[in-house]
1. Taking the Cα centre of the stretch 162-508 as the origin, how large is its charge dipole in debye, to the nearest 20, when only Lys and Arg (+1) and Asp and Glu (-1) carry charge on their Cβ atoms?
2. Could you sort the peptides 419-429, 390-400 by per-residue average Cβ neighbour count (10 Å cutoff), highest mean leading?
3. Summing +1 for each Lys or Arg and -1 for each Asp or Glu, what net charge is found among the other residues whose Cβ lies under 12 Å from the Cβ of Gly284?
4. Assuming 0.36 nm per residue, please report the length gained on full extension of the stretch His361 to Asn596 beyond their Cα-Cα distance.
5. Greater than 22 Å separation of Cα atoms is the criterion. Which listed pairs, Lys315/Lys340; Lys275/Lys319; Lys202/Lys491; Lys263/Lys289; Lys202/Lys315, meet it?
6. Run the accessible area of the stretch 305-392 with a 1.4 Å probe and give the carbon-and-sulfur part as a rounded percent.
7. Just the accessible area per residue of the stretch 162-508, please: how many Å² with a 1.4 Å probe?
8. If amide H atoms are built 1.01 Å from N in the plane of the peptide, which residues on other chains or at least 5 residues away come under 5 Å of the amide H of Asn282?
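The values are calculated or read from the model by the stated rules, or taken from the named source; none is laboratory data. Because the structure is predicted, anything quoted here is derived from the model rather than measured. Note that we place each Cβ from the backbone using ideal geometry, even for glycine, and neighbour counts take in every protein chain shown. Heavy atoms of the whole protein, side chains included, go into the accessibility calculation; ligands, DNA and RNA do not. Shrake-Rupley method; radii C 1.70, N 1.55, O 1.52, S 1.80 Å.
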Amino acid sequence: FLSPLVADAEMPGTADPELAATMGFSGFGKKARTFDLEAMFEQTRRTAVERSRKVLEAREREKEDQTEKEFKIPVSASSATGPGSTLTEREAVCSESEDDSNEALSGPSVQSQSSAKGPAEDTDDDDDDDDEEFIGPPLPPGFKDSDEDNDDDTEEEDNNPVKKIPDSHEITLQHGTKTVSALGLDPSGARLITGGYDYDVKFWDFAGMDASLQAFRSLQPCECHQIKSLQYSSTGDVILVVSGNSQAKVLDRDGFPVMECIKGDQYIVDMTNTKGHTAMLNSGCWHPKIKEEFLTCSNDGTVRTWDVNNEKKHKSVFKPRSVQGKRVIPTTCTYSRDGKLIAAGCQDGSIQIWDRNMTVHTKFHCRQAHASGTDTSCLTFSYDGTVLASRGGDDTLKIWDIRQFKKPLNSADGLPSFFPMTDCCFSPDDKILVTGTSVKKGGGSGKLFFFYRETFQKLYEIEVTDASVVRCLWHPKLNQIMVGTGNGLAKVYYDPVKSQRGAKLCVVKTKRKERQAETLTQDYIITPHALPMFREPRQRSTRKQLEKDRLDPMKSHKPEPPVAGAGRGGRVGTHGVTLSSYIVKNIALDKTDDSNPREAILRHAKEAEENPYWVAPAYAKTQPKTVFAEVEPEDDETDKPEWKKRKI
């Protein structure tokens, strides 16, 4: 459509004397057409209304005729209710279409849909004017609404929380051969990081992996120190790495270093006056709200908060104390869900909680939460922020109400834990608590236990592998469970229906074939400023180069297979590494009989005399002619003298 200015503008169709005098012609042609957009819209609207009215009338007549034939309803009775209501609805439709010109009628009429019901339902609908109107064709008999099915399934899942556990499928990621002691997932669930006792940190991208399940990056950020903890920040752009040394590191998403905490002075007694930790780290985590702040705890008896932008000094220091006021080592630490509280589990069995802004005195504490002398391996807050779960080194799992912190709400025992970082976590709906168990080598399978939060009843268990289950993580967005084991595996449990993305992205991709051209062809060195005599010919294509190499007998020479048997061509057989061992092993295989040395020496004499090859041709020119004494033939022994008959 043309705009009003363009539509109403008049092209110079009449003769213009100035234009004729200047350019040599009198005008540009005929006058342009003008368009009235409002009139066009009004005409279209009226046509649509008229067409809709005719369609409605035709459908109503057909339905009335069909109803009279099927149910034999008297015309008077049908005309008493049908036409009146039809007229009213038709008028309403027409008036509505005239009021709103942008809406066009589509689909079957309300009357036609209602008339598709039975006669009893028709009378009920006529009596009750407030019934809801159905849109679309009538539903088939015996049809059950899918929303009702979903509601039934939801109610069934609420009644049975076991059905919420996504464990129908699993994938196994091979981290290494040693314990996977750290797991981390970014908030979106796109990347997984694993760390272990082999000092390696591996990056796994679910969207980029195929069915081969290979990590796209592996590095050792802390050299020869075991990885204790890995966690993405709340925004997912940086990673906190806590290892066995005294300095925590922060990496970006691709594994490049961002900052490293400073090491404190070991000769200062008061840990408050040091700038950083002076002993091995035990745990660490990010602040849930402030993306630049993180928390670490160490064997120097302190819990410290840090700022990513200031690596020279900590922000604040919290010092756990025993009943006697002595220093005690924190083995794990965490923030509350709102970030206002800091909790630490200590070696004396206590759990101490501070206000983030008050570093001196604890806000809540329980002195005998777990057995003294054991390492509390994990503390985690529920999503509602009122309950704290603790995994103790005394083989127990407990949940606490921090408002009544003297006694646990529930407790479960008989859960062996051999690692100082055995995990526990809450399900996304806050109704299930998950933890893993440890086993000795050859002592059975490590299991993942699921407890109902309210009653602490054991709902379910998964046999993971024949090694300890160390780390577990239940991601709320993916609804998938990640597990780190003691034999170097990272397993991902998921359900194709209940889970989202994550492992579902990589299992559907086929393995990529390795291109042989990359392995056979040599790297091409580009020297743009080299002299012509030293310039290498430019490679046209790897495929063509591969075909040329195949025709070259030297480049495409098949390697000789290993020698089988006693050996040939100067090569020793496969059963002997060195020549001496080969000779020793083959002494017993020598079948020649050397009992008569004369026969052994003269064994090849006749062949050497008939076909001289080695010695005789070399001395042919200088060797004198051999002269042998002639021996008379012995005719008769009786004619010989007595002295000749004797044999000397």
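1. On the way: 43 positive and 36 negative charges, 151 e Å.
Result for the stretch 162-508 is approximately 720 debye, rounded to the nearest 20.
2. Per-residue mean Cβ counts within 10 Å order the peptides as 390-400, 419-429.
3. Here the count lands on +2.
4. Working: separation 235, 0.36 × 235 = 84.60 nm, distance 10.38 nm.
Full extension of this stretch gives 74.2 nm more.
5. Numbers: Lys315/Lys340 15 Å; Lys275/Lys319 14 Å; Lys202/Lys491 14 Å; Lys263/Lys289 26 Å; Lys202/Lys315 30 Å.
The answer is Lys263/Lys289; Lys202/Lys315.
6. Values: 1770 of 3780 Å².
Answer for the stretch 305-392: carbon and sulfur cover 47 percent of the accessible area.
7. 40 Å²
8. For Asn282, the qualifying residues are Cys297, Ser298, Asn299.
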